[in-house]
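Any read-out appearing in this document is the output of simple, stated calculations on the displayed coordinates, not a laboratory observation. Note that this is a predicted model, so its numbers are computed, not measured. Neighbour counts run over all protein chains shown; Cβ positions are idealised from the backbone, glycine included.
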Amino acid sequence: MDVPVAQRDRAGLEFLGSLQHHAGGVLQPAAGARYASLVPDPPPDIQGRRRSVAESLGGYGPWLFDRLLTRYVAEEIYVRSIPAAERARPVIEDWLDVPDDAPGSLTLNSGLVPPAYYSAGFHLTTGGWDGHDLMGVVISDLGYKYVLMPGGVGAVRAGENLMDQRTQVALEAPRRDYRRVLEAGCGNGRFAAVLSREFPDAQYVGVELSKTQLQYARARSAHEGLSWELIQAAAEDTGLPDASVDLVAIFTLFHETPPKATEAILAEMFRVLEPGGDLVMGDIAPFERNDAFRSVVLDWETDHRGEPFMRSFLHTDLPGLVKQAGFGDVEAYGLGKGDYPWVVRARKEA
Ligand SMILES: C[S@@+](CC[C@H](N)C(=O)[O-])C[C@H]1O[C@@H](n2cnc3c(N)ncnc32)[C@H](O)[C@@H]1O
């Protein structure tokens, strides 16, 4: 939505966007180049790489400022955008208020007990994904719009277009004639918007734990004249019937789940996918596909930017888990710079 943002709030958020852009677009590449020149033969393992980067760049200003600014911006986004959203509350509430008879549906589950790992807190959001009742707008229309789109976030580099990356992944699905597409971990509907555009004849179903993200997705669907079916549930236990969808599409869910949950979610996706159906997923490339400096930058997110499962995800054999869940024709490959987005696709054999 187009949030009416007061001049002072907008200036503060744009300042954060510029800081992040400078950190990710100038300081970090400088640090990466210096590391590559100082350590042409880096250690193969992450502990060794962390140590080696700390030793060789420990006194290098661009690296220290890149990390400082990235952490500062990640926290400050919420310090600035929550009050900005509060000041626009009546307009936001009006936008979120979707009539019950609007096409599509939102099924909330007030009794849902989220998996324990979900309370670990993500992206340093104040109070977690649902830490504020306007968090959908706070994340999407303030944090992303003003700060993270221009500045980059996680594996998305400054200046890269995170919607184009979602489109690239959607286009890796082998067919165009799906009838029912399930997205696990749909958030506020960014990938859903792409899937609806690429598969206009398919019914879109999104499963998500966060109530505020789902409410945002519901409003987005209604305002765009779409009819998304949105369900508050854990992707491990969607409640959907067996063999009821013919495409499962997932974008950047698994770097937010511990390996055991990833296994459980893949088993659930296998159950709900009909024989002959496809699985297509986009996320961050595994550790071995990232150069030494980049792997340390990503690993850093685990301890410092609210990505508690990034480290374990980087070392997870996702294609192996997909095979273990029963899928066949498993392929894994990178699409963009630094192999991001990393695609894993597979089929449930007919
Ligand atoms: C990084 S966001 C990606 C959202 C969306 N797929 C997109 O492309 O914008 C990951 C989402 O997964 C959700 N999530 C994490 N664990 C989940 C689980 N076990 N079941 C359902 N959703 C989950 C989070 O709440 C969050 O909204």
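What shape does region 7-347 have by the C-alpha gyration tensor, where a ≥ b ≥ c are the square roots of the eigenvalues, rounded means a/c under 1.5, and otherwise prolate means a/b greater than b/c and oblate the rest?
oblate
Measure up Lys260/Lys323; Lys145/Lys323; Lys211/Lys348; Lys145/Lys348 against 26 Å on the Cα-Cα distance and list the ones that go over.
Distance filter (> 26 Å) returns Lys145/Lys323; Lys211/Lys348; Lys145/Lys348.
I need the shape label for region 201-336. Rule: rounded when a/c is under 1.5, else prolate if a/b > b/c, else oblate, with a, b, c from the alpha carbon gyration tensor.
oblate
Give me the net charge of Ser140's neighbourhood, meaning all other residues with Cβ under 10 Å from the Cβ of Ser140; Lys, Arg count +1, Asp, Glu -1.
Net of charged neighbours comes to +2.
How far apart, in nm, are two points set 7 Å out from the Cα along the Cα-to-Cβ line at Leu171 and at Ala243?
3.4 nm
Can you put Val79, Val137, Val156, Val322 in order of Cβ neighbours within 10 angstrom, beginning with the fewest?
Going from sparsest to densest Cβ surroundings: Val79, Val156, Val322, Val137.
Given the Cα-Cα distance of Ser18 and Asp2 and 0.36 nm per residue of separation, how much length would full extension add, in nm?
Working it through step by step, the gained length comes to 3.7 nm.
Mind telling me which of Gly32, Gly24, Gly336 comes out most flexible in a GNM of the chain, alpha-carbon contacts under 10 Å?
Gly336
Given the Cα-Cα distance of Tyr117 and Arg34 and 0.36 nm per residue of separation, how much length would full extension add, in nm?
26.2 nm
Using 0.36 nm times the number of residues separating Arg179 and Gln324, minus their current alpha carbon distance, what extension gain do you get?
That works out to 49.6 nm of additional length.
Bins of 10 Å, beginning at zero and ending with the bin holding the largest distance: percent of Cα pairs per bin for region 125-179, please.
Histogram of Cα-Cα distances, whole percents per bin: 21, 36, 28, 15, 0.
Nearest 500 deg cm²/dmol is fine: what mean residue ellipticity at 222 nm does the chain get from its DSSP H runs of n ≥ 4 alone, each adding -39,500 (n - 2.57), divided by its residue count?
-13000 deg cm²/dmol
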